[in-house]
Amino acid sequence: MKFIEVKNYQQMSETAAEYIMKKVLDNPSITLGLATGGTPTGTYQNLIKDHQKNGTSYQHVTTFNLDEYIGLAGTDKNSYRYYMDENLFNHIDIKKANTFVPKGNGRNIEEECNRYEDLLAGHGGIDLQVLGIGSNGHIGFNEPGTSFQSKTHIVNLAPSTIEANARFFNRPEEVPTQAITMGISTIMKSKEILLLVSGESKRDAMYQLLHSELNENFPASVLKNHPCVTIIADEAAILDLKIPMLKE
Ligand code: F6R
């Protein structure tokens, strides 16, 4: 694992955006795996700024998102499809047809999971996967206890995840209780992974990530088995953590 320590959220967002931009410039037809939530919004804002200022093009880029709530149509403002359109896709020159998010409101969700897994494999997999981390160690929506062998599947969201995500909804009861998520094995097939960690609320998760053994009860620990992971974390997330062994 490569570790980049930054001062704060703003610096994490700038550093992550530069990292992604460089990969897009090196490989204009790159396949990116993308995350939603609070962590990557600043990164996406910086990608948009760069696109507007420097013209970095996404015309040949393909994206696959990690997850989507079950029961929400892509037009629902709390869906992850809506989030991606609003926070990134509508502001860059990517072709919408090349942006994939699982469909959370279909009739047959099992079938949708298989379709998404096959679609991703058919595209040759992900070159660079951007990840956030849940305070319980989830990656995508793979909650503690998820098999490391899992493929795209239906998940019951942990109470702590529902609570954490309630901030995006009008009322906590509106947070869906289930989601479709890429599985852990799906994520691990990515050629490269960029994990973004910011804020005090992630400090415990960061500690466990650095100090725990491989353990399905702490999903992010699987990243220790991946050959190419870069973590960008800010001071609030790593305060007092002993991480010199990871620094380059
Ligand atoms: C989002 C996702 C989740 C989030 C995680 C952290 O697509 O897959 O794993 O990355 O829940 O969320 P935030 O960034 O809101 O703290």
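State, as an integer percentage, the relative contact order of the chain based on alpha-carbon contacts under 8 Å between residues 6 or more apart.
Once normalised by length, the contact order is 26 percent.
Output ³J(HN,Hα) for the range 132-144: one whole-Hz value per residue in order, computed from phi by the Karplus curve 6.51 cos²θ - 1.76 cosθ + 1.60 with θ = phi - 60°, and x for Gly and Pro.
Listing the rounded values in order: x, 9, x, 5, 9, x, 6, 10, x, 10, 7, 7, x Hz.
Report, please, the projected area of the range 17-89 averaged over directions, based on the convex hull of its C-alpha atoms, in nm².
Its average projected convex-hull area is 4.8 nm².
Say we join alpha carbon atoms closer than 10 Å with springs in a Gaussian network model of the chain; which of I70, I238, I162 then has the biggest fluctuation?
I162
Calculate the dipole size of the range 106-248 relative to its Cα centre from +1 charges on Lys and Arg beta carbons and -1 charges on Asp and Glu beta carbons; express the result in debye to the nearest 20.
160 debye
Under unit Cβ charges (Lys, Arg +1; Asp, Glu -1), what dipole magnitude, rounded to 20 debye, does the range 2-246 have relative to its Cα centre?
For this selection, approximately 420 debye.
Over the Cα atoms of the range 119-230, each weighted equally, I'd like the Debye log10 I(q)/I(0) at q = 0.17 Å⁻¹, rounded to two decimals.
-0.83
Counting only helical runs of four or more DSSP H residues, what would the 222 nm mean residue ellipticity of the chain come to if each run contributes -39,500 (n - 2.57) and the total is spread over all its residues?
Here the helix-only value at 222 nm equals -9500 deg cm²/dmol.
Farthest toward the dipole's positive end in the chain, which of V24, N136, G124, given Cβ charges of +1 (Lys, Arg) and -1 (Asp, Glu) about the Cα centre?
With unit charges placed on the Cβ atoms, the residue in question is V24.
Can you tell me what share of the DSSP beta bridges in the chain is antiparallel? A percent to the nearest 5 is fine.
25 percent
At 1.4 Å probe size, what's the solvent-accessible area of R171? Round to the nearest 10 Å².
For R171, the solvent-accessible surface is approximately 130 Å².
Longer than 19 Å from Cα to Cα, which of K103/K191; K23/K49; K22/K53; K23/K202; K95/K151; K151/K202 are they? Say none if no pair is.
Among K103/K191; K23/K49; K22/K53; K23/K202; K95/K151; K151/K202, the Cα-Cα distance tops 19 Å for K103/K191; K23/K202; K95/K151; K151/K202.
What would the Debye equation give as log₁₀ I(q)/I(0) for the chain at q = 0.12, 0.14, 0.15 Å⁻¹, counting only Cα atoms as equal point scatterers?
Treating every Cα as an identical point scatterer, log10 I(q)/I(0) equals -0.64, -0.91, -1.06.
Which FRET efficiency value, to the nearest 0.05, do you get for E216 and K23 by plugging their Cβ-Cβ distance into 1/(1 + (r/R0)^6) with R0 = 41 Å?
So the FRET efficiency works out to roughly 0.85.
The values are calculated or read from the model by the stated rules, or taken from the named source; none is laboratory data. Since we're looking at a predicted model, the values are computed, not measured. Heads up, the Cβs are rebuilt from the backbone with ideal geometry, glycines too, and the neighbour counts pull from every protein chain shown. Side chains are part of the model used for accessible areas, which takes the heavy atoms of the whole protein and leaves out ligands, DNA and RNA. Shrake-Rupley method; radii C 1.70, N 1.55, O 1.52, S 1.80 Å.
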